[in-house]
1. So which residues in the stretch 61-78 are of a type outside the set (A, V, I, L, M) and either surrounded by 12 or more Cβ atoms within 10 Å (Cβ to Cβ) or within 13 Å of the chain's Cα centre (by Cα) (or both)?
2. In the stretch 13-21, is there at least one residue being open to solvent by 100 Å² or more (accessible area, probe 1.4 Å), at pLDDT 90 or above and not in a helix (DSSP H, G or I)?
3. What number goes with the only condition from (1) open to solvent by 80 Å² or more (accessible area, probe 1.4 Å); (2) among the aromatic types (Phe, Trp, Tyr); (3) farther than 15 Å from residue 15 by Cα that residue 58 does not pass?
4. Out of the stretch 60-91, which residues are at pLDDT 90 or above and in a loop (DSSP other than H, G, I, E, B)?
5. Can you name the residue in the stretch 29-41 that is surrounded by 15 or more Cβ atoms within 10 Å (Cβ to Cβ) and either outside any helix (DSSP H, G or I) or among the small types (Gly, Ala, Ser) (or both) and, of all such residues, is nearest to the chain's Cα centre (by Cα)?
6. Determine whether residue 97 is exposed (fewer than 10 other Cβ atoms within 10 Å of the Cβ) and either within 13 Å of residue 17 (Cβ to Cβ) or at pLDDT 95 or above (or both).
7. If you go through the stretch 43-55 one residue at a time, how many are at pLDDT 95 or above, closer than 17 Å to residue 31 by Cβ and either surrounded by fewer than 16 Cβ atoms within 10 Å (Cβ to Cβ) or of a type in the set (S, T, N, Q) (or both)?
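The values are calculated or read from the model by the stated rules, or taken from the named source; none is laboratory data. Please read these numbers as outputs of a predicted model, since none were measured by experiment. When we count neighbours, we look across all protein chains shown, and the Cβ atoms used for this are built from the backbone with ideal geometry, even at glycine. Areas reflect the complete protein model, heavy atoms only, side chains present, ligands, DNA and RNA absent. Shrake-Rupley method; radii C 1.70, N 1.55, O 1.52, S 1.80 Å.
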Amino acid sequence: MSEVRLNAYHIMWLFVFFDLPVTTKKERKTAALFRKNLMKDGFTMLQFSVYIRHCASYESQKVHIKRVKSFIPDTGMVSILSVTDKQYGDIINFWGKEKKKKIVARPLQLELF
């Protein structure tokens, strides 16, 4: 029996990027349903229109791509990007500085009462 070894080139990550219209109430409801379906399928929101999911194998990835295709809205744009675990590990993220709380100077006399 042959043994399949999982490594950083067989484990996959799926990214779903989308730009859906949200000008009408119906469009907003459709976009919300799409996001909800992504969450039901195990995707995690990375940014508002970017969702990500880990897949243990190439076969698992194909199943999830098929599921996403099944609930894509009729309008708007949806893109699916597949990367290996090795490629995912090479992502470089940059984070902005945290905003500091604004300190309001108050006279000492007001703090005593």
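1. Of all residues in the stretch 61-78, those of a type outside the set (A, V, I, L, M) come to 61-62, 64, 66-67, 69-71, 73-76.
The answer is 61, 62, 64, 67, 71, 73, 76.
2. yes
3. With (1) open to solvent by 80 Å² or more (accessible area, probe 1.4 Å); (2) among the aromatic types (Phe, Trp, Tyr); (3) farther than 15 Å from residue 15 by Cα applied to residue 58, the lone miss is (3).
4. Those that are at pLDDT 90 or above and in a loop (DSSP other than H, G, I, E, B): 71, 72, 73, 74, 75, 76, 90.
5. Filtering the stretch 29-41 for residues surrounded by 15 or more Cβ atoms within 10 Å (Cβ to Cβ) gives 30-31, 34-35, 37-38, 41.
With either outside any helix (DSSP H, G or I) or among the small types (Gly, Ala, Ser) (or both) added as a condition, the list becomes 31, 41.
Working: 31: 14, 41: 12 Å.
Among them, the one singled out is 41.
6. Working: exposed (fewer than 10 other Cβ atoms within 10 Å of the Cβ): yes; either within 13 Å of residue 17 (Cβ to Cβ) or at pLDDT 95 or above (or both): no.
It is false that residue 97 is exposed (fewer than 10 other Cβ atoms within 10 Å of the Cβ) and either within 13 Å of residue 17 (Cβ to Cβ) or at pLDDT 95 or above (or both).
7. Residues meeting the conditions: 3.
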